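In what follows, a single structure is set out as structure tokens and then discussed.
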Amino acid sequence: MSGNQNNGSADGSQNDAYVSFQRVQKSYDGEILVVKDLNLDIAQGEFITMLGPSGSGKTTCLMMLAGFEPATNGEIFIGGRSINHIPPHKRGIGMVFQNYALFPHMSIGENLAFPLEVRKMNKADAEKQVKRALDMVQMGDFINRRPAQLSGGQQQRIALSRALVFEPELVLMDEPLGALDKQLREHMQYEIKHIHENLGVTVVYVTHDQSEALTMSDRIAVFNDGVIQQLSSPDDLYERPQNAFVAQFIGENNKLSGTVTKINGDTCTVKLDDGGVLEADKVNVSAVGDRTLLSLRPERVEIDPTSDMDDILDAKIEELIYLGDHIRVRMNVAGNDEFIAKVRNRGEKRDLKKGQTIKVGWSSSDCKALDA
Amino acid sequence: MTDVAFKDQMNEAGELLTADGVPLKQKLAITTRRARMRALLLTAPLIIFLVVSFVIPIGQMLFRSVYNAAGSNVLPNFAVSIQDWDEQGLPTEQMFEDFVKDMQLARKNRITGKTVGNLATRVNYEIPGTRSLFTKSSRKLSKVTEGPYKEALIKIDKKWNDPGLWIALKRVTKDITPYFYLAALDYKYDEKGDIVAADELYQIYVSNFWKTLRLSATITFITILLAYPVSYLLSTLPLRTSNMLMILVLLPFWTSLLVRTTAWIAILQTEGMANDILVFIGIIGDDNRVQMIYNQTGTIIAMVHILLPFMILPLFSVMKTIPPSYMRAARSMGATPFTAFRRIYLPQTLPGLAAGTLLVFILAIGFYITPALVGGEDGLLISNLIAYHIQKSLNWSLGAALGTILLIIVLVLYWLYNKLVGIDKLSFG
């Protein structure tokens with residue numbers, strides 16, 4: 001696994017990318033590389049999300065871009081200019097922090113005026129701009145409050161408008177919604193998305209929450225182990241994961257392991273460990289005899305399938321969970337008792353019982369043969 | 001649909017009632033009584049200790065600074081009759097008689113605090129050089145058995161003819177006196193009983209108060225300069241390293257104050273380590289070694305060292321709570337490192353800075369042992385003068401008056417601090 005799936009310019013040539021990481025490596029202790037050979041191009045106006053588990057190197061990348069951590073190797077460009085030796089305050093990058101980082105000893109107005117003040121903007125213009133930035137997040141009435149007097153969601157909005165008030169072309173967001181409750185988080189996702197669309201700024205967003213990434217991004221870079229595992233649009237990432245890590249990290253995923261017995265063009269035949277034989281989409285296997293992990297989304301599993309399904313297997317129902325809009329069926333399929341199927345609740349009476357043996361099936365194109 | 005609305009129950013007085021009809025406040029008091037009693041019991045030892053060891057002594061000190069009964073104890077009858085004197089000429093014969101008889105009685109007296117010596121000491125505070133007059137006269141008065149007492153007394157010593165002495169005696173026999181505060185502020189009574197500045201030679205207290213405040217301010221300022229970067233480092237380092245360094249900071253706390261101070265003597269004396277090194281490097285010659293101790297310099301160096309942890313700890317505890325993202329946010333918004341520090345970091349450390357400043361300054365103005373050991377004559381602080389009056393001169397009232405003034409200075413500082421920063425913002429860590 002390496003970052004070779006992305007469309008970065010590993011050859012070092014300058015292209016029209018707005019932000020460009022070229023062969024960037026980062027180590028804190030000289031023994032372990034936290035970021036390994038990162039190549040990433042970000043277009044102007046793009047909303048790109050760095051998604052990955054904690055310790056995957058995504059925040060380090062953001063900190064290198066912001067200028068708070070030097071890159072150990074490689075170069076970072078903004079607008080074609082190398083920024084390796086430009087200090088953070090001269091980079092002109094807006095930033096939203098996880099804990100908001102609103103200055104507690106200043107009012108909301110003073111917080112927003114701070115970036116304008118250090119830019120020596122005259123008072124009247126600054127006031128106008130602060131007001132406009134606050135109105136953008138519907139917080140105009142809060143200009144004289146202190147950060148501590150605001151709720152988490154309100155603080156988040158202020159942090160957002162403060163990062164935008166000096167009209168930067170690039171805005172970095174480091175898990176900005178991490179501290180909010182679920183409902184507010186979803187609401188803010190849409191709000192950030194709309195602000196991005198209206199202003200046309202380039203956004204680099206870091207999160208470990210996959211649904212957040214899927215909701216907002218133009219493209220998502222999935223990080224693991226210091227390497228971009230896949231860089232693609234949200235639907236591509238979900239529909240066509242390139243490897244087992246991405247498949248597991250994005251969305252829910254049923255796993256079946258086996259060995260490739262035949263390759264026919266874009267599909268392959270896989271013999272499961274318990275003897276069953278399946279057709280699967282060939283994604284990340286190369287030769288007959290390779291071990292493979294088959295990945296299958298729960299909502300693509302059909303219960304009591306029609307006979308024209310490519311793959312049909314026996315299943316024993318282990319557990320039924322009623323979730324309102326759908327019913328989660330946990331069953332044992334080919335030795336995997338964590339196999340999940342989502343049955344849409346259409347109101348018709350489903351005769352499913354725990355312990356019952358049924359048949360499940362799916363189309364071979366939904367079953368991805370990935371690296372084991 | 002069932003009606004689940006809860007209606008508040010009230011009695012005639014408009015008090016809320018519980019479901020059982022007992023007033024809510026009463027019921028609450030009953031249910032929390034045990035907890036309150038336990039809390040009281042747990043704090044009782046400390047409260048008693050504080051009253052015995054702190055409130056009572058301070059009350060005693062305040063009392064003693066204005067109360068001195070040496071005069072009325074020795075001359076009980078004279079103390080009453082002299083108060084009617086109009087301070088014109090000499091007191092009446094009756095007053096002289098009371099004085100002589102009181103003196104004769106006191107001569108036989110061996111009760112502590114009621115001897116002629118006590119009186120002589122007390123008068124000597126106000127009119128230096130009168131001590132021998134009292135002891136000599138006391139001896140000779142034993143032979144005087146009948147009047148006129150005025151002439152008899154003046155025959156013993158001409159000084160008894162001086163109205164100024166009798167004005168002083170009238171003052172001294174009053175138990176409550178502002179004299180010690182006047183003395184502590186470098187004032188005295190003249191022969192006519194008016195308040196005037198003390199002789200220049202005796203004006204030592206006010207200048208010493210100023211010196212104490214000045215030295216304390218210097219020491220506080222130096223500790224801020226030294227402690228701020230160290231605290232910042234401690235707060236940003238990983239826990240393991242910062243704990244190690246913290247132990248080094250706290251190490252002085254585990255060593256006796258006396259040991260640390262004497263260590264400074266070993267280092268700073270003219271034949272000490274610091275001078276040896278300077279001579280060795282060649283910065284100074286062997287014959288003009290620097291006097292670094294037994295003066296203000298020595299006091300400052302040793303006290304800065306001893307008080308440094310009191311500045312580091314509150315600063316550290318405040319800095320630890322400031323996430324690095326504040327500075328980063330400021331930098332990302334275009335602030336230079338210095339601007340970010342001045343506008344964002346420094347204001348947030350103010351509670352710790354203020355607590356450390358207050359702590360160090362107040363400890364410094366009351367510091368005793370270090371200036372006593374390394375201060376020489378020049379580096380003595382007000383506490384050393386207080387100790388002198390309590391231990392050597394035994395003028396406890398003057399010591400108490402000086403102590404009370406020191407206490408008032410501290411209280412004023414607290415008040416000022418509360419006005420400027422707000423005592424609720426204090427963070428001692």
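What FRET efficiency comes out for B:L41 versus B:T18 if R0 is 22 angstrom and r is the Cβ-Cβ distance? Round to the nearest 0.05. Working shown, then result.
Values: r = 28 Å, r/R0 = 1.25.
In this case the efficiency is close to 0.20.
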Spin-label pair A:K271/A:D225, simplified geometry with 7 Å Cα→Cβ offset, distance in nm: 2.8 nm
Of A:L313, A:P104, A:G226, whose Cα points farthest to the positive end of the dipole of the protein assembly as shown (charges on the beta-carbon: +1 Lys, Arg; -1 Asp, Glu; origin at the Cα centre)? A:P104
Return the subset of B:K114/B:K170; B:K188/B:K211; A:K271/A:K368; B:K136/B:K174 for which the Cα-Cα distance in this structure is over 20 Å, preserving the input order. B:K188/B:K211; B:K136/B:K174
Return the average number of partner chain Cβ atoms within 10 angstrom of each residue Cβ along peptide B:321-329. 5
State the Cα centre-to-centre distance between segment A:37-116 and segment A:214-283 in whole Å. 31 Å
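Could you work out, residue by residue across B:333-342, how many beta carbons of other chains sit within 10 Å of that residue's beta carbon, and then give the average as an integer? Write out the running numbers ahead of the final one.
Working: counts 20, 16, 7, 5, 3, 0, 4, 4, 0, 0.
Mean partner shielding for this stretch: 6.
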Which distance in nm do the two modelled labels at B:D276 and B:V52 give, with both placed 7 Å along the Cα-to-Cβ direction? 4.9 nm
Carbon and sulfur atoms account, in whole percent of the 1.4 Å probe accessible area of segment B:70-177, for 52 percent
If I model chain B as equal point scatterers sitting on the Cα atoms and use the Debye formula, what is log10 I(q)/I(0) at q = 0.06, 0.08, 0.10 Å⁻¹? -0.48, -0.73, -0.92
Stretchable slack from B:T336 to B:F253, in nm (0.36 nm times residue separation minus alpha-carbon distance): 26.1 nm
If one computes the Cα centroid of segment B:126-144 and of segment B:298-335, what distance in Å separates the two points? 63 Å
If you fit an axis through the alpha-carbon atoms of helix B:296-320 and take the longest principal axis of the Cα set of chain B, what angle between them do you get, 0 to 90°, nearest 10? 40 degrees
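When N counts the residues of segment B:9-66, how does its alpha-carbon radius of gyration compare numerically with 2.2 N^0.38 Å, as a ratio? All intermediate terms of the calculation are to be shown ahead of the outcome.
On the way: Rg = 20.8 Å, N = 58, 2.2 N^0.38 = 10.3 Å.
Relative to the rule-of-thumb radius for its length, segment B:9-66 sits at 2.02.
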Taking only the alpha-carbon atoms of segment A:28-71, the convex hull volume per residue, in cubic angstrom, is 87 Å³
In straight Cα distance, which aspartates and glutamates are under 17 Å from B:K7, not counting same-chain residues fewer than 8 positions off? B:E15, B:D20
Mind checking the mean number of beta-carbon atoms from other chains within 10 Å of the Cβ atoms in A:62-72? 1
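Rounded to the nearest 0.05, what FRET efficiency is calculated for B:D194 and B:V80 with R0 set to 35 Å and r the Cβ-Cβ distance? Don't skip to the answer; put the middle values down first.
Details: r = 25 Å, r/R0 = 0.70.
For B:D194 and B:V80, the calculated efficiency is 0.90.
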Using the alpha-carbon atoms, what tilt in degrees (0 to 90, nearest 10) does helix B:396-420 show relative to the longest principal axis of chain B? 30 degrees
With everything on Cα atoms, drop me the angle between helix B:131-141 and the longest principal axis of chain B, reported from 0 to 90° to the nearest 10. 40 degrees
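Would you calculate the volume per residue, in Å³, of the smallest convex hull containing every Cα atom of the protein assembly as shown?
Numbers: hull volume 270.7 nm³, N = 801.
Given the Cα convex hull of the protein assembly as shown, per-residue volume reads 338 Å³.
If packing is taken as the mean number of other Cβ atoms within 10 Å per residue, what is the order of B:192-201, B:147-156, A:237-246, highest first?
Numbers: B:192-201: 10.8, B:147-156: 16.3, A:237-246: 21.2.
Ranked by mean Cβ neighbours within 10 Å, highest first: A:237-246, B:147-156, B:192-201.
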Considering the zone a paramagnetic label at B:T135 would reach in this model (a point 7 Å from Cα along the Cα-to-Cβ line), which residues of segment B:384-412 have amide N under 12 Å from it? none
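Tell me the relative contact order for chain A as a rounded percent, counting alpha carbon contacts under 8 Å between residues six or more apart.
Working: 792 pairs, mean separation 56.8, N = 372.
Reported relative contact order: 15 percent.
Using a Förster radius of 45 Å, what is the FRET efficiency between B:A263 and B:V206 based on their Cβ-Cβ separation? Nearest 0.05, please. Please list the in-between numbers first.
Working: r = 34 Å, r/R0 = 0.75.
Once the sixth-power term is evaluated, E becomes 0.85.
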Any idea how far apart B:F63 and A:S286 come out in nm if each label point goes 7 Å out from Cα toward Cβ? 9.7 nm
For segment B:70-177, just the Cα set please: Rg and Dmax, both in angstrom. 12.3, 34
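The values are calculated or read from the model by the stated rules, or taken from the named source; none is laboratory data. Computed from a prediction, not measured in an experiment: that's the story for all the values here. Reconstructed Cβ throughout: ideal geometry from the backbone, glycine too, with neighbour counts over all protein chains shown. For the accessible areas, the whole protein counts, side chains as well, though only heavy atoms, and no ligand, DNA or RNA atoms are used. Shrake-Rupley method; radii C 1.70, N 1.55, O 1.52, S 1.80 Å.
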